[in-house]
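The values are calculated or read from the model by the stated rules, or taken from the named source; none is laboratory data. Fair warning: this is a prediction, and the values are worked out from it, not measured in the lab. Every residue, glycine as well, gets a Cβ built from its backbone with ideal geometry; the counts of neighbours run over all protein chains shown. Please note that ligands, DNA and RNA were not included when accessible areas were found on the heavy atoms of the full protein model with its side chains. Shrake-Rupley method; radii C 1.70, N 1.55, O 1.52, S 1.80 Å.
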Amino acid sequence: MLKGVLADVNIEGHVDFLMAVAQAAPWEGLWRELGLTYARFSDVGLGRRAPDAEIWQLCQREEWLLITDNRNQEGADSLEATIRSRSEIHSLPVLTISSVPRLRHSREYAERVVIALFDIVIDVENLRGAGRLYLP
C-alpha cells in the first residue's frame, strides 16, 4: 500500500512548499482521506549522497512515490538507467516536476502540480510500470 511522497534530496525545499499546498485548503481533506505521508531522505534512512539505484529500490520496497526534478542518465546506476533496467509492471512511477523554478513564483502552477499529484495517487495502481511521470 502506498505510504506517500518522498522528496528527492536536491529539491526538498520545493517539495516542502508543494506539500504545504497539498495539506492546506482546499486540499487538506483529500490529503487526510488518502492517508498520505510526506518524507525526506533522512526520514527513511537515506543519506544525502545515496546512489540513485538505492533510492529507487527503497521507494519500490517501501511504497514511496519519489518526487524529483529530473535526475539524468549519467551512468549505469543513474535514476533513469535504473528505471529502464529494473522497472516492472508492478513498479511505482517516479514523479518529475517539469518546472521546479516555477513552483516558488506561481501559486497557480504549484496548485496544478498538486492536482496532478493527487490524480496520480488516486490512480496509482493503474500507473504502476509507467517508469517516469511528469507533473505539469
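Listing for the model above:
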read-out: Unit charges at the beta carbon, dipole of the chain: most positive-side option, 24, 2, 121; value: 24
read-out: Estimated 222 nm signal from helices in the chain, with DSSP H stretches of n ≥ 4 weighted -39500 (n - 2.57), rounded to 500; value: -13000 deg cm²/dmol
read-out: Theoretical FRET efficiency, 1/(1+(r/R0)^6), r = Cβ-Cβ of residue 125 and residue 85, R0 25 Å, to 0.05; value: 0.60
read-out: Calculated log₁₀ intensity ratio I(q)/I(0) where the Debye formula runs over C-alpha points of the chain, q = 0.09, 0.10 Å⁻¹; value: -0.23, -0.29
read-out: 10 Å binning of all Cα-Cα separations within region 1-51, expressed as whole percents from 0 upward; value: 24, 49, 23, 3
read-out: Virtual paramagnetic centre 7 Å along Cα→Cβ of residue 40, amide N under 20 Å, in region 53-85; value: 55-56, 58-59, 64-71
read-out: Solvent-accessible heavy-atom area per residue, rounded to whole Å², over region 36-89 at 1.4 Å; value: 56
read-out: DSSP loop GluC sites (Glu not before Pro) with at most 16 other Cβ within 10 Å: longest gap in the chain; value: 1-62
read-out: Fraction of accessible area attributable to carbon and sulfur, the chain (%, probe 1.4 Å); value: 48
read-out: Size of charge dipole - the chain - debye, nearest 20, with Cβ of Lys, Arg +1 and Asp, Glu -1, no other charges; value: 180
read-out: Kirkwood Rh (inverse of mean 1/r, distinct Cα pairs), region 63-136, angstrom; value: 13.0
